[in-house]
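Notes follow once the structure below has been shown.
Each reported figure results from applying straightforward, stated rules to the coordinates on display, with no laboratory input. Please read all numbers here as calculations on a predicted model, not as lab measurements. In this analysis, Cβ positions are derived from the backbone assuming ideal geometry, glycine residues included, and neighbour counts consider all displayed protein chains.
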Amino acid sequence: MRGMEICRDLHSLRAACAALRAGGRRLGLVPTMGALHAGHVSLLAAARAAGADAVAASIFVNPLQFNASDDLARYPRDEEGDLAKLRAAGCDLAWLPPVDAMYPPGNCSTIEVAGPSKGFEGDARPGHFRGVATVCAKLFLQTGADIAAFGEKDWQQLQVVTRMAHDLDIPVRIQPVPTMREADGLAMSSRNRFLSPPERAIAPLLYQVMLDAAGGMAGGAPVPRVLAAGRERLVAAGFAPDYLALVAAESLEPLDALDRARPMRLLAAARLGAVRLLDNIAVAS
Ligand code: PAF
């Protein structure tokens, strides 16, 4: 069995990707910031299921998408554990660029995606999606990936990256992958490890509130009333909700009534202690 190649400079990455794509083989890419969990591993399998003959994963904690330097410093890192998980998942190539390989001194070009970057995480984390779009465009161009798998857990990010690749004619297919959840419904996230035991016990309520809200809307209850009741339930349980909103799934345009003509999504972000939890679910149209 071929071992996993590890690249830390652009020159060796390009050579390794060219070898994996030789003879028309399709390369899948799973962009990550490390601290890998089962959700990331499912992205590797999804890239293969979507037609990738070989799969590369990047591990890069992208400074451009953090707006508070303490959040960047606190981001969990476990290179050895991550590489072991990638190997076990049959990953062919790991791309671990140092910051100055990704952003060499003097670099001053970024990518701004308007539409789906607006509102929600775009408001909560100014500049965040500029950083995400820029690094993802670079990863697509560096690897020449044919398919890139992204979790639906970060729904707004998925829409921003899909829009960016389309608008810039980057020949990569963005493959959405359903959110992996713990047995109690909590969406898997690298940040869950920062929840204290009492917070961890409360955390799954976020998903339950969303399911109940989607059920209430489907049953005909007025959307603003359902959303307000959901937010109140979260506050009563100890969350500080940032938003609980019904949106058009692709444009993220907020909706105050069901719009059966297009796919819809319920988005939520709420703080529990120091941890900000994000989640989203489809709303039947
Ligand atoms: O979702 C993430 O982990 C990051 O935003 C991504 C897509 C790897 C870009 O840095």
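Specify whether the C-alpha gyration tensor of the range 143-183 places it in the rounded, prolate or oblate class, a ≥ b ≥ c being the square roots of the eigenvalues: rounded for a/c under 1.5, otherwise prolate if a/b is larger than b/c and oblate if not. Don't skip to the answer; put the middle values down first.
On the way: a/c = 4.00, a/b = 1.88, b/c = 2.13.
It comes out oblate by the Cα gyration axes.
Over the Cα atoms of the chain, what Rg and Dmax result, in angstrom?
Calculated on Cα positions, Rg and Dmax stand at 19.2, 59 Å.
Which order, highest average first, do 54-66, 159-171, 218-230 follow once you tally other Cβ atoms within 10 Å for each residue and take the mean per peptide?
Result, highest mean Cβ count within 10 Å first: 54-66, 159-171, 218-230.
Whole Å is fine, so just give me how far the alpha carbon centre of the range 53-95 lies from that of the range 24-48.
Each part's Cα centre sits 11 Å from the other's.
Would you work out if the range 1-141 is rounded, prolate or oblate? Take a ≥ b ≥ c from the square roots of the eigenvalues of the alpha-carbon gyration tensor; rounded if a/c is under 1.5, else prolate when a/b is larger than b/c, oblate otherwise.
Prolate shape, in that a/c is at least 1.5 and a/b is the bigger ratio.
From the Cα gyration tensor of the range 72-171, with a ≥ b ≥ c the square roots of its eigenvalues, which class applies: rounded if a/c is under 1.5, or else prolate if a/b is larger than b/c, or else oblate?
Rounded is the answer for the range 72-171, as its axis ratio a/c remains below 1.5.
When only DSSP loop residues count, what trypsin sites (Lys or Arg not before Pro) in the range 98-143 have their Cβ near at most 16 other Cβ atoms within 10 Å?
Listed in order of number, the matching sites are LYS118.
What order, most packed first, do the peptides 141-153, 14-26, 182-194 have when packing is the mean number of other Cβ atoms within 10 Å of each residue?
141-153, 182-194, 14-26
Based on Cβ point charges of +1 for Lys and Arg and -1 for Asp and Glu, what charge dipole magnitude is obtained for the chain about its Cα centre, in debye rounded to the nearest 20?
With only Lys, Arg, Asp and Glu charged at Cβ, the dipole is about 340 debye.
What is the distance in Å between the Cα centroid of the range 97-160 and that of the range 226-285?
23 Å
If you project the alpha carbons of the range 1-59 onto their three principal axes, what span does each projection cover, largest first, in Å?
Sorted largest first, the three principal extents are 30, 26, 21 Å.
What is the set of long-range amide H partners of ILE111 at a cut-off below 5 Å, with H atoms built 1.01 Å from backbone N?
Placed amide hydrogens put THR134 under 5 Å from ILE111.
In the Gaussian network model of the chain, springs joining C-alpha atoms below 10 Å, which of LEU246, LEU43, LEU205 carries the largest mean-square fluctuation?
LEU205
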